[in-house]
Amino acid sequence: MIDVKNISKIYGDNVVLNDVSTSFEQGKTNLIIGQSGSGKTVFMKCCIGLTQPDKGSISFNNREFSSLNEKKKKDIRKEMGVLFQGGALFDSFSVEQNVMFPLNMFTTMSLEEKKERVNFCLKRVNLKNVNNLLPSEISGGMMKRVAIARAISNSPQYLFCDEPNSGLDPKTAEVIDALISEITEEYNMTTVINTHDMNSVLQIGQKISYLYNGQLWWEGDKNTILDTDNPELRDFVFSTELTRRIKQPSA
Amino acid sequence: MLLFKMLGEYLLLMFETFKRPDKGPVFRRQLMIEFVGLGIDSFGIVVIVSLFTGAIVAIQTAYNIDSPFIPLTMVGYTTRQTVILEFSPTIISLVLAGKVGSRIASEIGTMRVSEQIDALRVMGINPPNYLILPKITASMLFNPVLITVSIVLGITGGWLACVVTGLVTSEDYILGIRAWFEPFTLTYAMIKTVTFAFIISSVSGYLGFNVKGGSVDVGRASTQAVVYSSILIIIFDLILTQLLLV
């Protein structure tokens, strides 16, 4: 369970996050949606400790995180897996070395045990025979899957994904969404995903938080989002031709 | 103000860098990788520049000796002194600032813009310690090896030039390089080398680590790494010379 209480972040005169409070439950896929510039990325950076909020607090299973120093944050960070927008794979490492990296740093496993774990994680994200390839030698979708494998290799309790579908075709995006959702349930993780992809919203959004101009504007799930009467959210949700057709199937 | 801001950022980064590594074996593996990348891969350019510059110094010295009262052994002596005191530690360090400095800044800068450094931090790893400390350590340990090789090759280049051109006999040259040898000159050269190695690796690491933006900014950081390292090398060359030789 992640509790976010009254966080605000201001850059100069620009209020990027304004008194945002929410919570993310364990075993659920939580989505943060909003237009570009709405504060999604800053919100996620606050959650994972890359940005310090000016006000408010973030706690992981009742352990306060945002006010801790770097050294003390380390223990909670070991329980996090993060999937960055571009994958953020280490380009001088092979796929196997990338997935093995958290195990090298934080476990006392033998090389054999680590290799076994790496192969298990790669198999879990449906990748085979890629162990010795470099990130530059695999496709964008495969990179995302390797990044997911790396994120789950150390059995995290919390998974954060920043726009996991950006730059992917709809079919591959659906596979990635399904994979994240399955892994969340399988390992009972608390998963938080930043996205503006409506397909993801409607496919895996067990809890959806809509950010608008840095404020939490609406909360609900994939079953209620299409029926919302919130004008800003309606504007966002029905901004694509696809969702407009869902709204008016006869049109 | 910008200078003070940069100095403050640099000192804070060094404070984070010089901490005990999270895992000894991982640090040692990174160190070995850097020995190869920053050290062994630089052998080629050091060999070429040292041989040719040693030869040029010897020929120019021989050309400038007009008086019959100055013995030709002075060519060997002058070449040795020039190579040990200034050419190898300073000029080769400037060459390394170009080769190694730009490599460090662009490597770390690319990791910054592609979120690899963020990935390290959220995994609970201290990125400056993981990325910069092995580079500084490798440079400070391996550059003295490169400079020693450079000194030997510079003097050898001078000898080759003298013998091939016939300006000075081999005996005169060897007599010259053995004359009035002061061992402290080697200590002075090594002190300069280690200082310059620290400047190159830490300044380039700092500039790469603080890249903001995209590929253009990585390129700019890479150029700045060479320029700033070169300027600092020259400034510290003067300071160390004043402190150690005068």
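We did not get these values from a lab; they are worked out from the coordinates using the rules stated. In this text, all values refer to a predicted model and were calculated from it rather than measured experimentally. Glycine also receives a Cβ, built like all others from the backbone with ideal geometry; neighbour counts cover every protein chain displayed.
As an exercise, identify the trypsin sites (Lys or Arg not before Pro) in the stretch A:77-136 lying in DSSP coil whose Cβ has no more than 13 other Cβ atoms within 10 Å.
Details: sites: A:Arg77, A:Lys78, A:Lys114, A:Lys115, A:Arg117, A:Lys123, A:Arg124, A:Lys128; in loops: A:Lys78, A:Lys128.
In loop regions of the stretch A:77-136 (DSSP not H, G, I, E or B), the sparsely surrounded trypsin sites (Lys or Arg not before Pro) are A:Lys128.
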**Asked** Once you average over the residues of A:90-96, how many Cβ atoms of partner chains fall within 10 Å of each Cβ?
**Response** 2
**Item:** GluC sites (Glu not before Pro) within the stretch A:1-96, DSSP loop, no more than 14 other Cβ atoms inside 10 Å
**Value:** A:Glu25
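Mind checking B:109-122 for the average number of partner chain beta-carbons within 10 Å of each residue's beta-carbon? Present the calculation step by step, with values, prior to reporting the outcome.
Details: counts 0, 1, 4, 0, 1, 9, 9, 9, 2, 7, 13, 4, 8, 14.
Taking the mean over all residues of the peptide, I get 6.
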**Asked** Any idea how far the Cα center of the stretch B:85-102 sits from the one of the stretch A:21-98, in Å?
**Response** 42 Å
**Message:** For A:Ile208, what residues show an amide H to amide H distance below 5 Å, using hydrogens built from the backbone and excluding near sequence neighbours?
**Reply:** A:Leu31, A:Gly220, A:Asp221
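Tally Lys and Arg at +1 and Asp and Glu at -1 over the other residues with C-beta under 11 Å from the C-beta of A:Leu233: what net charge comes out?
It works out to a net charge of -4.
Looking at this model, which pairs from A:Lys9/A:Lys72; A:Lys222/B:Lys212; A:Lys40/B:Lys212; A:Lys78/A:Lys222; A:Lys74/A:Lys222; A:Lys55/B:Lys135 are more than 29 angstrom apart at the alpha-carbon?
Values: A:Lys9/A:Lys72 22 Å; A:Lys222/B:Lys212 37 Å; A:Lys40/B:Lys212 20 Å; A:Lys78/A:Lys222 31 Å; A:Lys74/A:Lys222 34 Å; A:Lys55/B:Lys135 38 Å.
As for pairs spanning more than 29 Å Cα to Cα, those are A:Lys222/B:Lys212; A:Lys78/A:Lys222; A:Lys74/A:Lys222; A:Lys55/B:Lys135.
Quantify how strongly other chains surround peptide B:79-87 by giving the mean number of their Cβ atoms within 10 Å of each of its Cβ atoms.
That average works out to 0.
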**Complete:** The long-range amide H neighbours of A:Phe160, using H built 1.01 Å from N in the peptide plane and a cut-off of under 5 Å, are A:Gly81, A:Val82, A:Leu83, A:Val192
**Request:** Please find, in a Gaussian network model of chain B (springs between Cα atoms separated by less than 10 Å), the residue of B:Thr53, B:Thr223, B:Thr185 whose mean-square fluctuation is greatest.
**Result:** B:Thr185
**Asked** Which of B:Leu207, B:Leu160, B:Leu133 moves the most in a Gaussian network model of chain B with Cα springs under 10 Å?
**Response** B:Leu160
**Fill in**
Helix B:73-82: inclination vs chain B longest Cα principal axis, degrees, rounded to 10, gives 10 degrees
**Asked** Where does helix B:184-209 land angle-wise versus the long Cα axis of chain B, in degrees 0 to 90, nearest 10?
**Response** 30 degrees
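Two decimals, Cα atoms only, Kirkwood Rh: what is Rg/Rh over the protein assembly as shown? Kindly include the intermediate steps, with their values, before the conclusion.
Numbers: Rg = 29.3 Å, Rh = 26.0 Å.
Taking Rh as the inverse mean 1/r over Cα pairs, Rg/Rh reads 1.13.
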**Message:** Given an 8 Å cut-off on Cα distances and at least 6 residues of separation, report the relative contact order of chain B as a percent.
**Reply:** 34 percent
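Restricting to Cα pairs below 8 Å that are 6+ residues apart, what does the relative contact order work out to for chain A? Please round to a whole percent.
27 percent
Quick one: grab the alpha carbon gyration tensor of chain A, order the square roots of its eigenvalues as a ≥ b ≥ c, and give me rounded if a/c is under 1.5, else prolate or oblate depending on whether a/b is larger than b/c.
oblate
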